[in-house]
Amino acid sequence: MLDYFGYFAAIFIGLSLGIMGGGGSILTVPVLVYLMGVSPVLSTAYSLFVVGSTSVVGASGYFRKGLVSLKTAVVFLLPSLLAVFGVRKVLMPAIPHELFTMGGIAFTKDLLVLVAFAALMVVAATSMIRRKQAEEVLDEELHHRHAFNYPLILAIGLVVGTLTGFVGAGGGFLIIPALVLGARLPMKLAVGTSLAIIALNSLIGFTGDLSAGTPIAWSFLLGFLAFALGGIVLGTYLSRFIPGARLKPAFGWFTLAMGTFILTKELLFH
């Protein structure tokens with residue numbers, strides 16, 4: 001029964017990506033872990049493939065409209081791709097299964113991934129809840145910036161690549177402010193460029209898993225992806241009628257509740 005909810009959630013993930021241009025990928029790992037029964041570490045690998053593939057679909061629409069800055073994407077991706085591939089190829093396989101014990105809780109590799117992911121969900125949720133205010137600040141800052149800030153773009157690229165590799169999320173809530181403030185991109189151009197960066201980051205990260213010998217259940221993964229792609233196609237169509245900005249705060253509160261649930265469940269009732 002949970003499998004059916006999992007596939008329905010995959011459609012919801014695609015819907016949110018299509019309508020809001022981001023956000024839905026933050027739910028991919030929890031859906032795979034709690035509804036589909038996939039281990040947390042393997043879920044991050046599957047999430048990279050699902051997030052990357054759905055972002056390709058989203059980015060292609062922006063690219064056709066000329067809303068992808070290739071120059072900015074290249075500068076951002078230089079450190080980001082190295083970080084995400086290195087994390088998936090070297091760091092993740094090197095982390096031992098059991099790390100330490102504290103307060104009666106055995107911190108395993110799976111638990112570390114879930115706690116890190118839940119913390120990222122809380123940060124992302126806060127960003128979505130305060131989205132309108134944040135975008136106003138970004139627009140105001142944009143008018144006071146006059147140079148392409150290479151150090152900022154490179155630094156955020158390194159951070160996002162590391163986060164993407166470790167928890168399997170796209171990191172759009174970090175990428176978009178960096179593109180607006182560091183590269184002086186208008187919001188729509190930043191969203192399109194962000195989707196292109198997330199697509200390449202995630203798929204390159206996934207190749208790190210493949211080269212590290214991670215076992216992949218392709219029939220399951222492709223089936224899950226098919227539902228997510230159906231959702232993003234439907235979401236892209238519905239975005240003509242439903243303003244994504246209105247949905248982001250509500251989705252943010254839902255994500256905050258999910259992140260809090262995971263932290264409570266794993267740390268207090270593990």
Subset of segment 126-150 [assigned to a helix (DSSP H, G or I), among the hydrophobic types (A, V, I, L, M, F, W, C) and modelled with pLDDT of 70 or more]: 128, 129
Taking the residues in segment 95-109 that are touching a Lys or Arg at 6+ places or on another chain (Cβ under 8 Å) and either outside any loop (DSSP other than H, G, I, E, B) or touching a residue at least 60 places away in the same chain (Cβ under 8 Å) (or both) as candidates, determine which candidate is most open to solvent (accessible area, probe 1.4 Å). 98
Keeping to segment 50-66, report how many residues are among the hydroxyl-bearing types (Ser, Thr, Tyr) and over 15 Å from the mean Cα position of the chain (by Cα). 2
The correct count of residues that are of a type outside the set (S, T, N, Q) and at pLDDT below 80 in segment 1-16 is 3
Between residues in segment 169-192 that are without any contact (Cβ under 8 Å) to a residue 40 or more places away in the chain and within 24 Å of residue 30 (Cα to Cα) and residues that are crowded, with 24+ Cβ neighbours inside 10 Å and hydrophobic (A, V, I, L, M, F, W, C), which pairs lie under 6 Å by C-beta distance while being six or more apart or on different chains? 171/160; 174/160
Of the residues that sit in segment 110-125 and are at pLDDT 85 or above and in contact with a Leu (Cβ under 7 Å, 6 or more places away or on another chain), which one is least open to solvent (accessible area, probe 1.4 Å)? 118
Over segment 59-69, the set of residues without any contact (Cβ under 8 Å) to a residue 60 or more places away in the chain and assigned to a helix (DSSP H, G or I) is 60, 64
Mind listing whichever residues of segment 71-94 are under 16 Å from residue 199 (Cβ atoms) and free of Cβ contacts under 8 Å to residues at least 40 places away in the same chain? 74
Can you find a residue that is outside any helix (DSSP H, G or I), at pLDDT below 80 and open to solvent by 10 Å² or more (accessible area, probe 1.4 Å) anywhere in segment 151-170? no
Matching residues in segment 180-200 (open to solvent by less than 10 Å² (accessible area, probe 1.4 Å), of a type in the set (Val, Ile, Thr) and at pLDDT 85 or above) number 2
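Per-residue answers, yes or no, for (1) farther than 30 Å from residue 111 by Cα; (2) among the hydrophobic types (A, V, I, L, M, F, W, C); (3) surrounded by fewer than 21 Cβ atoms within 10 Å (Cβ to Cβ):
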{"site": "7", "(1), (2), (3)": "no, no, yes"}
{"site": "31", "(1), (2), (3)": "no, yes, no"}
{"site": "44", "(1), (2), (3)": "no, no, no"}
{"site": "55", "(1), (2), (3)": "no, no, no"}
{"site": "67", "(1), (2), (3)": "yes, yes, yes"}
{"site": "86", "(1), (2), (3)": "no, no, yes"}
In segment 17-58, which residues are at pLDDT below 85 and part of a loop (DSSP other than H, G, I, E, B)? 21, 22, 23
The listed residue being open to solvent by 10 Å² or more (accessible area, probe 1.4 Å) and in a helix (DSSP H, G or I), out of 177, 215: 177
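The values are calculated or read from the model by the stated rules, or taken from the named source; none is laboratory data. If you're wondering where the values come from, they're calculated on a predicted model, not measured in any experiment. Cβ sites come from the backbone with ideal geometry, for glycine too, and all protein chains shown count toward neighbours. Each accessible area value is taken on the protein alone, full model and side chains, heavy atoms only, with ligands, DNA and RNA left out. Shrake-Rupley method; radii C 1.70, N 1.55, O 1.52, S 1.80 Å.
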